[in-house]
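Before any comments, here is the structure.
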Amino acid sequence: MGITRRSLMTVPAGVALATAAGAPALAGGGPPPRPLIFVHGSAGSAMQFRVQAKRLASNGYPAAFVEAHEYDSPNIATIVQQVWAALDERITRLLALSGSDQVDLAAHSLGTFVTQGYLNSSPERAARVAHYVNLDGRPAAALPGGVPTLAIWGEGDPARTVAGASNVYLPDQSHTQTVSSAESFREIHRFLRGRSPRTTEVLPQRIAHVSGRAVLFPSNAGVIGASLEVHRVDERTGRRKGRPIRAVVGADGRFGPIPLSPRERYEFALLRPGESTHHFYFEPFRRSDSFVRLLTSRPGEGLGGLVDTSDRHTALTFQRQKEWWGGEGDSLWINGRDILNPATAPHSRRVIGVFAFDDGSDGVSDLTAPLPEFIAQTFISGVDLFIAARGTVSIVARERGGGLTRLPVPAWRSSAHRVSVEFG
């Protein structure tokens, strides 16, 4: 993986001193970590930073000090002032919780527009931020708010910079991958803590306490009137084992924390009166996780409203916080058939979410082209695949540069069930 670094030397007066003063001391392991707030990008959520939050915890960060600031990204132009005001409140709360005098901010894509604007909006706001991480987003002609900045850039124009920042280039990494990769984590940790991390792995715990939110995609509004069941599932079939854990879903969609075993796989079943059950399947939770998001929609709304359903077939949605590149090392086999190819997951479309269902409910599959209503959306694709609603659906993913992951699930009838599978 190629990494290049270019630190621009056109540093405004006083910024070099501020950078040195804000760097963590190394003696005796340095001071405790500051709170860190992640601001997601377009159609994003806390999920993009989920693995990094667990890597931070694996390196000694208190999990309660790492949060995501979520908002309705399609409407950001009209709500940005409210988003900034809510960020003010979050920072105030985290400073009181931690006893720190400043926080660190990290933002991705559209989130860099939000965060740069926030830091530039007033000296008082910028003064409460020690470091800022700009992840593959908006260039800048000066340090946002004068705050010491790390800018990480993925594939694309190598001329992009934040002037005065440490600009790091990961030319082999895709847009969302720059948020979730081990390489970007290493750079983030060095910048925030003044030293390399002890590990870039997610270290397991004896018990994983899992919490998060059930939200409407892409607005991030909390799901209202829902309940949650968490089931242990058989790793070979995805079938439920034993009795479920029942959890309350709050008015803002919050649930948990729920104690889970890091050695088991789980299904999260989101239940809403009069609506299809939405089943979410994950890889094992190796350690505590507060960034879980159950992305759903109201009946007939959003992309879910475009999914054809029947008693005969299963409909699946897949998500991964690293782009799927069809024909370039990524594969996603459903019952032995690879649904990724240069047409359905083109490199240029930065696909991280894939819908797979029987378009037209005709029992016929066609993987020669993506479904146009889905590929037209940001980071999304859709494929016409007939998956019989009986038995178990075999799901095997191969990650470019990585190994195989198997996440079989029951073949739920799409007429009454929605199924989402999260890799990573």
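Look through the stretch 337-363, keep the residues that are under 24 Å from ARG312 (Cβ atoms) and among the hydroxyl-bearing types (Ser, Thr, Tyr), and return whichever of them is surrounded by the fewest Cβ atoms within 10 Å (Cβ to Cβ).
Among them, the one singled out is SER361.
So which pairs qualify, if the first residue must be in the stretch 327-349 and in the same structural domain as GLU155 (by TED's automatic domain parsing), the second must be in a loop (DSSP other than H, G, I, E, B), the Cβ gap must be under 9 Å, and the two must be at least 6 apart or on different chains?
Hits for this filter: zero, empty list.
Report, by residue number, each residue of the stretch 361-394 that is outside any loop (DSSP other than H, G, I, E, B) and over 22 Å from GLN48 (Cβ atoms).
Those that are outside any loop (DSSP other than H, G, I, E, B) and over 22 Å from GLN48 (Cβ atoms): SER361, ASP366, PRO372, GLU373, VAL383, ASP384, ALA388, THR392, VAL393.
Might you check whether a residue that is in contact with a Lys or Arg (Cβ under 9 Å, 6 or more places away or on another chain), buried (at least 20 other Cβ atoms within 10 Å of the Cβ), more than 25 Å from ARG413 (Cα to Cα) and not basic (Lys, Arg) occurs anywhere in the stretch 264-277?
no
Is it the case that some residue within the stretch 50-66 is modelled with pLDDT under 95, crowded, with 16+ Cβ neighbours inside 10 Å, outside the structural domain of GLU422 (by TED's automatic domain parsing) and not aliphatic (A, V, I, L, M)?
Within the stretch 50-66 (the criterion being modelled with pLDDT under 95, crowded, with 16+ Cβ neighbours inside 10 Å, outside the structural domain of GLU422 (by TED's automatic domain parsing) and not aliphatic (A, V, I, L, M)), the answer is no, since none of the residues qualifies.
Checking ALA251 against (1) aliphatic (A, V, I, L, M); (2) farther than 19 Å from ALA356 by Cα; (3) not in a loop (DSSP other than H, G, I, E, B): exactly one of these is not met. Which one?
(3)
Mind checking whether some residue in the stretch 245-254 is within 22 Å of LEU407 (Cβ to Cβ), in contact (Cβ under 8 Å) with a residue 60 or more places away in the chain, in contact with a strand residue (DSSP E or B) (Cβ under 9 Å, 6 or more places away or on another chain) and not small (Gly, Ala, Ser)?
no
Within the stretch 30-39, does at least one residue satisfy the condition of being buried (at least 22 other Cβ atoms within 10 Å of the Cβ), part of a helix (DSSP H, G or I) and under 14 Å from the mean Cα position of the chain (by Cα)?
No, every residue in the stretch 30-39 fails to be buried (at least 22 other Cβ atoms within 10 Å of the Cβ), part of a helix (DSSP H, G or I) and under 14 Å from the mean Cα position of the chain (by Cα).
Would you please name the residue that is surrounded by the fewest Cβ atoms within 10 Å (Cβ to Cβ), looking only at residues in the stretch 208-229 that are more than 19 Å from GLU301 (Cβ to Cβ) and out of contact with any Gly (no Cβ under 9 Å at 6 or more places or on another chain)?
Top of the filtered list is SER227.
Quick check: anything in the stretch 370-379 farther than 24 Å from GLU328 by Cα, of a type in the set (A, V, I, L, M, F, W, C), within 27 Å of the chain's Cα centre (by Cα) and at pLDDT 95 or above?
Checking the stretch 370-379: not a single residue is farther than 24 Å from GLU328 by Cα, of a type in the set (A, V, I, L, M, F, W, C), within 27 Å of the chain's Cα centre (by Cα) and at pLDDT 95 or above.
Looking at the stretch 110-145 only, could you name the residues that are closer than 15 Å to HIS40 by Cβ and among the hydrophobic types (A, V, I, L, M, F, W, C)?
LEU110, PHE113, VAL114, VAL133, LEU135
Restricting attention to the stretch 40-80, report how many residues are of a type outside the set (A, V, I, L, M) and not in a helix (DSSP H, G or I).
Final tally of qualifying residues: 14.
With the condition being at pLDDT 95 or above, within 28 Å of PRO74 (Cβ to Cβ) and among the aliphatic types (A, V, I, L, M), I'd like the strands (runs of 3 or more DSSP E) fully within the stretch 89-177 carrying at least 1 qualifying residues.
Once the strands (runs of 3 or more DSSP E) in the stretch 89-177 are filtered for at least 1 residues that are at pLDDT 95 or above, within 28 Å of PRO74 (Cβ to Cβ) and among the aliphatic types (A, V, I, L, M), what remains is 103-108, 129-135, 149-153.
Here are some residues: ALA369, ALA416, ALA376. Which one is free of Cβ contacts under 8 Å to residues at least 40 places away in the same chain, more than 27 Å from SER73 (Cα to Cα) and surrounded by fewer than 22 Cβ atoms within 10 Å (Cβ to Cβ)?
Checking each option against the conditions leaves just ALA369.
Would you be able to tell me the number of residues in the stretch 293-317 that are surrounded by fewer than 22 Cβ atoms within 10 Å (Cβ to Cβ), β-branched (Val, Ile, Thr) and closer than 17 Å to VAL215 by Cα?
So the count comes out to 0.
Kindly establish whether GLN205 is under 23 Å from GLU283 (Cβ atoms), modelled with pLDDT of 95 or more and within 19 Å of the chain's Cα centre (by Cα).
no
Would the stretch 318-331 turn up any residue that is crowded, with 22+ Cβ neighbours inside 10 Å and of a type in the set (S, T, N, Q)?
no
Pairs needed: first member in the stretch 26-38, outside the structural domain of GLY137 (by TED's automatic domain parsing); second member anywhere, hydroxyl-bearing (Ser, Thr, Tyr) and at pLDDT 95 or above; C-beta distance under 9 Å; at least 6 residues apart or different chains.
none
Applying the selection to the stretch 208-229, what residues are among the hydrophobic types (A, V, I, L, M, F, W, C), within 18 Å of the chain's Cα centre (by Cα) and either on the phi > 0 side of the Ramachandran plot or in a strand (DSSP E or B) (or both)?
Taking the stretch 208-229 and keeping what is among the hydrophobic types (A, V, I, L, M, F, W, C), we get 208, 210, 214-217, 221, 223-224, 226, 228.
In the following step, the residues that additionally are within 18 Å of the chain's Cα centre (by Cα) were identified as 210, 214-217, 221.
Once the filter is applied, which keeps residues that are among the hydrophobic types (A, V, I, L, M, F, W, C), within 18 Å of the chain's Cα centre (by Cα) and either on the phi > 0 side of the Ramachandran plot or in a strand (DSSP E or B) (or both), the stretch 208-229 yields VAL210, ALA214, VAL215, LEU216, ALA221.
The values are calculated or read from the model by the stated rules, or taken from the named source; none is laboratory data. Nothing here was measured: the structure is a model prediction, and the numbers come from that model. Note: ideal-geometry Cβ built from the backbone for every residue, glycine included; neighbour counts use all protein chains shown.
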